[in-house]
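Structure first, commentary second.
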Amino acid sequence: MGPRVALEQRIKPLDQEVINSILDDDYAALLLCNKRYVIKAIAIDPVVSSNMLLGEEVAKLLPEPILRGKESRAIIKLPQLGLDREFLLSAHKLQEGSSFIDRVITLQVLPSLNLADPALKDVVKDYKETVLENSPIFIYVLDYQQKIFTEGLANYSKLLGYTEEEISNMPDGVYSFIHPDDLNIVQEQEKALRSSDNRTVVPAEFRLQNKNGEWFWIQVHSTIYSRDADGEPIIEIGSIHKLNKDYEAELALQQKDKYYRTLVENSYDCILMYDKEGYVTYISPSVTRVTGYTPEDLLGKTLEGFIYEDDREDASVNLRYVSENPGASSVVERRIRHKDGAILWIESRLANHLDDPDIQGVTINFHVITGRKESENKIHRLTNFDSLTGLANRNLLHSCLARDIENCSDKKDQLAFMYIDLDRFKEINDTLGHATGDQLLIAVTEYMKKCIRNGDTLARMGGDEFAIILPNIDAEEAHTVAKRLLRHLKNPIKVGPHRVQTGASIGISMFPDHSDNAEDLFRYADMAMYSAKSERNQVQFYKRKYSQQESKRRMVEKKLKVAIAERQLHLFFQPRVDIHTGKIRSVEALCRWDDPESGSIPPNIFIPIAEESGLIHDLSQLVMEMVCQQLLDWHNTGIDVTIAFNLSVKDLKYFDLVHNLRDTINRYGVSGKMLEVEVTESAAMTDVINTVKVLKQLKDFGIKVSIDDFGKGYSSLAYLSQLPVDNLKIDKYFISRLSPNFKDHMVNLNIIRTIISLAESLNLNTVAEGIETPNQYNTLKSLGCNMGQGIFFYHPMPANQLSKLLQREQRLARSTISQ
């Protein structure tokens, strides 16, 4: 049996649903584990149940390489749970001490091929077996011109139940009884005979119909006995015998064969097979469609030229491992080369069937995941790297600092953390423009890279602020590095047509002298930097006393405590608009603070201080009360509109949150259905189990829930279906970069399209934040986004101004109805 047929026979037991499952990324189960046990199991596929997995020992569940942290994915079976299926297991170990959860595990059901199933063995058998002893066998001589047997006609007529005369009088002679669907088989046989040498025997199997209308199978072995002057056959001789085949069963098998062949040849999943020597023996048509390689390009060759150069060594090891280990399988992601030179990411499953006589090869099922990898890489870059300079951002810096502190602690070594602020940057930005400012930041980045060692971490914190981690260094050496940075940055820097002179102020904190805690080192270096900035172009080590900046922060904290107690804060409201109708669907409450002495203090100043000091719970309570009061006031004037307000990550962990919110709703006599809570994606993912619990309690009151700043925390996608939410608010970063002026606008467009599609599949609404331009509005409208929010529609406004706007909308609505 040829490799192609063998492979297609292997595929035959897979129905459409199973084949689709190969292409999907759905999980059968999600497991949350402590160091020893599965403490939470969420089963999505009926193959497994939560009770079956709950309490299972992690050490028994995970293969040794994953337990040791060498690998993160493996194919496993769970016979101890009574499951005879293969699963793709993916494990992610969480940062030590970040949660009581030690690791997260997902299980994905792999398609079962059932190669040991007797029924499958029947499917892949050769149907040419016959029962010769029970079949009439006879020799015939065929006159091509007359279409009549000159010898053997008596036996043929007996086989069919007709007389020889009846057969001779039929227009097509002996061909008259062939099944219409099998005429092509006979034509192919005759074509082969015409082009063959004399005495070459060509077999064929097809169906005949007897006089009673019954169909039966015959097997014919034919050869050309004589030809005319032009080489055309004149006389054919051969043998005929009846096969003991069930017509209906054979027809069903043929239809099934056609069905599965069609699935294989039209599947988006690519199928490829190689032998024990590593030579390709089969490719499905989808391989050509996806990669451009034809069978002539790959058959009989190794896969080396097919695989991307940087991945070849690892791929070679993997291909060899699977082929050398009977029954082995592997799931990998790697890059290949399209025939036109383009690089494609694929996810492939390799399985060793070399010992199976019907297959005798290693099969590779793969599909292209280039789009997914590009989105993952884009989100990873957004999450961990600065888009302008390519440096690590604040998020990645925190991880690197924690890592380097641990390493230095083990070695009993020191570490310096520098916080750097460019001098005069705002002046340069305002005078020469933001484009020049951006070029300056890029140039400064290159200068600073030259001043640090391999192994040091340089990051951009935002704006004109940078940070550097210098492990294995003492205070004197750190001071030398800082002075070198200042010397470089004092020199004029050529930026486009300009030569600009800046400088820097540097604050330094030391591990372990100042603290052994990453957050403290970060804060102390920041304070030291502000102290250095008072004189400009200076280096300042942290001193164990409050700096001017810390004193200012404490003053803001003290004033905020009074402002909350005396209800000096107030609300502004920004409408959310139905993108398709323009009508206001809801409004978001935004907290504002006008201090009698200092004037307006922006939320990005006082809210972080409230979170750090613990005042956030009192602030959130005040906001809830003001929101409920405003709902009541509007209701009394005939206005009913949903108000959304924000909860912080610390609010979600506050044990009295739900109790206080319920009491506030009851005290003001408002409906929970008129309230909406917004939680940032990062806050929701901090403690998933607690978040789900709290949000479900809020939903019990009728309160709607929105996930704010959605899109950057891609790791949360696996949990999203478990969160009881109503809306996804697309992070305004993606909205801001929809303009064709941005090089990555198509990537952002695709990310937004994916988020909207995801929301639709989960029956959620989408809200686009920060819409400022007609282009952004029109794009989002065409993508099917439900609601929009931003200055393109309305600026934030006080309640009395919004009241007039809402009343006008109501009058217009009543006027439209009355018409």
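Quick look at the numbers
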item	result
Computed FRET value (nearest 0.05) for residue 52 with residue 192, which takes r as the C-beta separation and R₀ as 51 Å	0.30
Relative contact order, percent, the chain [alpha-carbon distance under 8 Å, six or more residues apart]	6 percent
Computed FRET value (nearest 0.05) for residue 310 with residue 59, which takes r as the C-beta separation and R₀ as 25 Å	0.10
Rough spin-label spacing in nm, given labels placed 7 Å along Cα→Cβ, for residue 810 and residue 93	6.1 nm
Length-normalised contact order of region 438-552 in % [C-alpha pairs under 8 Å, at least 6 apart]	19 percent
Spacing of the two label points (7 Å from each Cα toward its C-beta) at residue 229 and residue 583, in nm	9.2 nm
Lys/Arg +1, Asp/Glu -1 at C-beta; region 132-243 dipole; positive extreme among 217, 196, 146	217
Cα centroid separation, region 465-485 to region 169-202 (Å)	88 Å
Amide N proximity, region 202-221 versus residue 163 label position 7 Å along Cα-to-Cβ, cut-off under 20 Å	210-213
0 to 90° range, to nearest 10: angle between helix 603-613 axis and the chain longest Cα axis	90 degrees
Rel. contact order, % - alpha carbon contacts under 8 angstrom, at least six apart, region 553-813	19 percent
Nearest 10 degrees, 0 to 90: helix 518-533 Cα axis against the chain principal axis	50 degrees
Extension reserve of the residue 699-residue 746 stretch, reckoned as 0.36 nm per residue once the Cα distance is removed	13.3 nm
Filtered trypsin sites (Lys or Arg not before Pro), region 665-751: DSSP coil and at most 14 other beta carbons within 10 Å	743
Mean-position separation - Cα centroids, region 592-656 and region 394-410, in angstrom	35 Å
Segment residue 170-residue 667, extension gain: residue separation times 0.36 nm, minus the distance between their alpha carbons	169.1 nm
Segment residue 141-residue 376, length gained on full extension (0.36 nm per residue, minus Cα span)	77.6 nm
Fewest-first sequence of 766, 200 by Cβ atoms within 10 Å of each Cβ	200, 766
Two-site FRET efficiency, residue 210 against residue 324, from Cβ-Cβ distance with R₀ of 60 Å, rounded to 0.05	0.65
Geometric extent, Cα atoms of region 132-243 - Rg, Dmax (angstrom)	13.5, 42
Student exercise, region 132-243 dipole from Lys, Arg, Asp, Glu Cβ charges, in Debye to nearest 20	200 debye
Reciprocal of mean inverse Cα separation for region 553-606 (Kirkwood radius, Å)	12.9 Å
Check: region 336-401 dipole with +1 on Lys, Arg Cβ and -1 on Asp, Glu Cβ, in debye	460 debye
Exposed chymotrypsin sites (Phe, Trp or Tyr not before Pro) absent: longest stretch of the chain, with sites in DSSP loops and at most 12 other Cβ within 10 Å deemed exposed	101-545
Degrees, to the nearest 10: 434-451 long Cα axis against longest axis of the chain	90 degrees
Simple label model, 7 Å out from Cα along Cβ direction - residue 289 to residue 604, nm	4.9 nm
Sequence-distant aspartates and glutamates (8 or more away, or on other chains) whose Cα lies within less than 13 Å of residue 494	438, 446
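Only the coordinates and a few stated rules stand behind these numbers; no lab work does. No experiment lies behind these values; they were computed from the predicted model shown. Reconstructed Cβ throughout: ideal geometry from the backbone, glycine too, with neighbour counts over all protein chains shown.
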